Amino acid sequence: MVALSSEPRFYFSLRSPYSWLALHDLVTRFPDIALTARWRPFWEPDARSAAALRDRGGDFPYAPMSRAKHLYVLQDVKRLAAERGLVPAWPVDRDPVWEVPHLAYLVAERAGASREFVAAVTAARWERGLDICDPAVVGAAAAEVGVDPTAAAGAGEDPDLRAEGVERLLDVCSDGVFGVPYFRRGRARFWGVDRLPAFAAHVRARSPQPGPDPGQPLAGGLVDGGHAGGCG
């Protein structure tokens with residue numbers, strides 16, 4: 001029997017508007033949790049990654065949303081963003097390959113700038129409406145935070161990063177992640193922007209060391225721009 005990890009985990013997707021909102025709340029309202037939690041990417045795999053995942057016994061738990069849900073999300077995100085003083089710039093995704101930005105995240109993680117990279121890519125997508133599946137956009141975001149832009153732009157075609165990406169997708173499967181934002185510590189699981197305060201309280205109650213002053217901004221955090229649920 002595999003022991004459950006006591007490490008707090010925050011699953012996010014650079015694709016999801018609800019992840020954008022959760023990231024904003026995390027770094028502005030709960031910076032101690034942003035520093036404590038292990039950030040984990042979640043993305044819909046392309047055909048190559050999906051096949052490699054199946055070969056490892058994984059089954060990605062995601063289904064495309066219906067048109068009705070999509071229309072609801074547009075309205076809901078606009079409302080939730082306004083509550084935070086944010087204005088979403090809706091991107092248009094044409095034949096997206098989500099490995100492009102999410103494997104680039106692994107490049108940034110190796111360089112010690114993963115959270116800064118998430119901030120840059122999130123701003124590019126949700127505040128400027130850019131196509132983050134365009135390697136040039138990803139490379140520019142990487143350069144902005146001091147990460148090798150060539151390595152980041154080419155991450156989607158890097159065999160080693162592809163293999164590591166499958167390992168991360170296996171984590172998604174083993175942690176029971178079905179949508180984002182998703183938070184987990186041990187057996188306790190929380191899904192959706194509105195569950196972030198409960199997750200923060202859960203982590204703080206079990207932390208032997210106090211975190212930084214929650215009123216202070218997280219250095220290098222997201223630009224300063226809860227939802228009852230979440231999405232993939």
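Here is how the numbers come out for the structure above:
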{"item": "Where a residue in region 86-110 is more than 12 Å from G165 (Cα to Cα) and its partner, wherever it lies, is assigned to a loop (DSSP other than H, G, I, E, B) and of a type in the set (K, R), with Cβ under 6 Å and at least six apart", "result": "A89/R128"}
{"item": "Residue count, region 1-27 (criterion: surrounded by fewer than 19 Cβ atoms within 10 Å (Cβ to Cβ) and among the hydroxyl-bearing types (S, T, Y))", "result": "2"}
{"item": "Within region 1-26, tally of residues that are hydrophobic (A, V, I, L, M, F, W, C) and modelled with pLDDT under 95", "result": "4"}
{"item": "Test result for D131, modelled with pLDDT under 95 and either in a loop (DSSP other than H, G, I, E, B) or closer than 25 Å to A163 by Cβ (or both)", "result": "no"}
{"item": "Conditions (1) touching an Asp or Glu at 6+ places or on another chain (Cβ under 9 Å); (2) under 10 Å from L169 (Cβ atoms); number of the one not met by A52", "result": "(1)"}
{"item": "Positions within region 49-100 being of a type in the set (S, T, N, Q) and not in a helix (DSSP H, G or I), in sequence order", "result": "S66"}
{"item": "Qualifying positions in region 94-128 - buried (at least 22 other Cβ atoms within 10 Å of the Cβ) and modelled with pLDDT under 95", "result": "none"}
{"item": "Helices (runs of 4 or more DSSP H) contained entirely in region 138-212, each with at least 1 residues that are out of contact with any helix residue (DSSP H, G or I) (no Cβ under 7 Å at 6 or more places or on another chain) and under 18 Å from S49 (Cα atoms)", "result": "159-174"}
{"item": "Any hit, region 150-162, residues being farther than 18 Å from Y62 by Cβ, of a type in the set (S, T, Y) and surrounded by fewer than 20 Cβ atoms within 10 Å (Cβ to Cβ)", "result": "yes"}
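The values are calculated or read from the model by the stated rules, or taken from the named source; none is laboratory data. Computed from a predicted structure; not experimentally measured. Positions of Cβ are generated from backbone atoms using ideal geometry, with glycine treated the same way; all protein chains shown enter the neighbour counts.
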